[in-house]
Amino acid sequence: MIYLDHAATTRPEPSVVEEMISFLSDNYMNPSSFYQPAVRTRMQVEKARRTIAEFINAPYESIVFTSGGTESDNWAIRMGAGILKNKGKHIITTKIEHPAVLNTVRFMEEQGYEVTYLDVDKTGLIDIENLKSAIRKDTALISIMHANNELGTIQPIKEIGAIAHEHDILFHTDAVQTFGHIDIDVNDYCIDFLSASAHKLYGPKGIGLLYIRNKNEFSKLLFGGSQELGLRPGTENVADIMGFCKAVTIAKDKMEDDAIRINSLRDELKSGILNIVKGAVINENDRCHLPGTLNVTFPDVSAETILIRLDMNGICASAGSACSAGAIEPSHVLMAIGKSEDEARRTIRFSLGRENTRDDIVKTLKVLEDFYR
Ligand code: PLP
């Protein structure tokens with residue numbers, strides 16, 4: 001198998017799995033219990049929280065473990081917007097957010113909030129001047145993703161954070177695609193809430209985090225005991241937390257080298273496709289993109305047809321469209337960058353990761369070459 005779908009999920013590192021197994025077997029104690037083995041488990045969980053917090057330059061007590069990116073996005077927006085309810089009920093986001101954000105702000109509209117959906121250019125980038133002019137006296141929250149999951153385009157979140165804080169607006173960023181892949185500094189970027197998910201950085205599924213700058217103003221997600229600062233109670237998912245921490249420890253070590261190597265494989269795939277497939281279009285911002293994400297609109301045939309051919313050759317990639325209610329809907333991201341429905345249906349996302357080699361790229365290009373011959 002050649003796996004080119006790392007933006008969807010990543011294979012957990014063997015040492016992540018090993019770490020998790022130890023906390024599912026011998027170290028199974030409830031961290032809230034009082035005897036020594038449980039106290040040791042508690043200390044491990046808190047050490048993991050510290051390691052992960054340091055990774056984004058956050059204080060240790062500002063990290064709350066969640067079930068993943070979707071939960072963190074929902075919580076940040078629903079509770080975050082409420083903090084400044086006396087200021088107003090206006091939220092700014094973009095047209096290319098993940099459904100975890102878009103469907104949450106739609107819910108907020110039903111609750112009486114007004115939402116501005118910023119346009120993006122054909123590379124997927126917002127215009128900072130548009131953001132400034134969208135800000136109103138009653139803007140309570142800006143939620144803009146760090147990098148887009150289909151295009152890989154990285155937004156200027158440092159600038160966005162500074163603008164938000166200048167106007168006393170809270171700033172949430174969905175960093176699910178960037179956490180563990182490129183640098184994040186929550187202080188330098190003036191981030192108030194940040195969502196991340198372990199399965200995108202070679203960790204387990206079903207565990208993520210929400211960074212909360214000022215937890216005193218933040219409402220609980222659930223009612224229960226005192227775990228997770230009392231904000232999201234319930235017995236901790238210890239094995240997943242430890243797996244997440246292991247993945248972060250590896251990312252600390254490998255992130256820079258991975259980015260350089262993966263980006264050069266991406267360049268090779270990109271130039272190979274442009275050489276082989278006349279009329280292929282790369283949908284990217286070539287100055288600020290994730291190292292591994294390559295979004296391509298192919299000529300003549302549907303993405304499904306190409307994906308089936310790739311699949312028959314053991315190559316996994318994704319279409320730029322989501323299947324809803326039995327119909328293939330063109331991706332809202334591709335529509336927002338100005339693609340036609342037809343172009344959107346001919347678009348494929350390749351996303352490369354740590355395990356990929358030059359050989360994977362050569363084989364993928366060969367399959368495409370045979371297909372288009
Ligand atoms: N946000 C972005 C940008 C994503 O790419 C994803 C997952 O694909 C999510 C949120 C949802 O994360 P999770 O799968 O952890 O719920």
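So what's the stretch 14-250 giving for Rg/Rh, alpha carbon basis, Kirkwood Rh from the mean inverse pair distance? Let's see the in-between values first.
Details: Rg = 18.0 Å, Rh = 18.2 Å.
With Rg and the Kirkwood Rh in hand, the quotient comes to 0.99.
Taking Lys254 as the anchor, which lysines have their alpha carbon closer than 21 Å to its alpha carbon, excluding any fewer than eight residues away along the same chain?
Lys254 reaches Lys47, Lys200, Lys205, Lys246.
With N residues in the stretch 71-208, what two-decimal value do you get for its Cα radius of gyration over 2.2 N^0.38 Å? Could the numbers behind the result be given before it?
Values: Rg = 13.9 Å, N = 138, 2.2 N^0.38 = 14.3 Å.
Compactness ratio reported: 0.97.
Please provide three numbers in whole Å: the alpha-carbon extents of the stretch 1-127 along the principal axes, with the largest listed first.
52, 47, 27
If you count only protein heavy atoms and use a 1.4 Å probe, how large is the accessible surface of Met242, to the nearest 10 Å²?
For Met242, solvent-accessible area is about 10 Å².
For the chain, what is the calculated [θ] at 222 nm in deg cm²/dmol (nearest 500), taking -39500 (n - 2.57) for each run of four or more DSSP H residues and dividing by its residue count?
Values: 11 runs with 148 residues, N = 373.
Taken over the chain, the calculation gives -12500 deg cm²/dmol.
In terms of Cα to Cα distance under 20 Å, which lysines are near enough to Lys278, apart from those fewer than 8 places away along the same chain?
Lys270, Lys339, Lys363, Lys366
Output ³J(HN,Hα) for the stretch 278-291: one whole-Hz value per residue in order, computed from phi by the Karplus curve 6.51 cos²θ - 1.76 cosθ + 1.60 with θ = phi - 60°, and x for Gly and Pro.
Each residue's phi maps through the Karplus curve to give 5, x, 5, 10, 8, 9, 7, 10, 6, 8, 9, 9, 5, x Hz.
Add +1 for every Lys or Arg and -1 for every Asp or Glu among the other residues with Cβ under 12 Å from the Cβ of Lys339, and state the total.
On the way: positive: Lys122, Arg345, Arg346; negative: Glu150, Glu341, Asp342, Glu343.
With Lys, Arg at +1 and Asp, Glu at -1, the net is -1.
Can you list residues whose amide H is under 5 Å from Ile2's amide H, if they're 5+ apart or on another chain and H is modeled 1.01 Å from N?
Ile315, Cys316
By how many nm would the segment from Glu109 to Glu46 grow when fully extended, if each residue of separation counts as 0.36 nm and the alpha-carbon distance is taken off?
Working: separation 63, 0.36 × 63 = 22.68 nm, distance 3.73 nm.
Difference between extended and current length: 19.0 nm.
Using Cα-Cα distances under 8 Å and only pairs 6 or more residues apart, what relative contact order does the chain have, in percent? Could you put the intermediate results ahead of the total?
Values: 734 pairs, mean separation 84.3, N = 373.
So the answer I get is 23 percent.
Just how much of Lys47 is accessible, in Å², when a 1.4 Å probe is used and the result is rounded to the nearest 10?
The accessible area comes out at roughly 130 Å².
What percent of all Cα-Cα pairs in the stretch 170-228 falls into each 10 Å bin, going from 0 up to the bin containing the maximum distance?
20, 46, 31, 3
Testing the spin-label approximation: label points 7 Å from Cα along Cα→Cβ at Lys137 and Glu217. State their distance in nm.
1.9
With a 1.4 Å probe and all protein chains left in place, how much of the accessible area of the stretch 14-250 comes from carbon and sulfur atoms, in whole percent?
50
Could you work out how far apart the two model spin labels at Asn275 and Arg78 are, taking each label as a point 7 Å from the Cα in the direction of the beta carbon, and quote it in nm?
The answer from the label model is 5.2 nm.
Mean projection of the alpha-carbon convex hull of the stretch 83-159 over all orientations, in nm²? Don't jump to the answer; show the numbers that get you there.
Values: hull surface 20.6 nm².
Its Cα hull, projected and averaged over all orientations, spans 5.1 nm².
Beta carbons within 10 angstrom, averaged per residue: use that to sort the peptides 208-217, 14-23, highest first. Don't jump to the answer; show the numbers that get you there.
Values: 208-217: 20.2, 14-23: 17.0.
Those peptides, ordered most packed to least, come out 208-217, 14-23.
The values are calculated or read from the model by the stated rules, or taken from the named source; none is laboratory data. Treat the numbers as computed from the prediction; the structure is a model and nothing was measured. For neighbour counting, all protein chains shown are included, and Cβ atoms are generated from backbone atoms with ideal geometry for every residue, glycine included. Side chains are part of the model used for accessible areas, which takes the heavy atoms of the whole protein and leaves out ligands, DNA and RNA. Shrake-Rupley method; radii C 1.70, N 1.55, O 1.52, S 1.80 Å.
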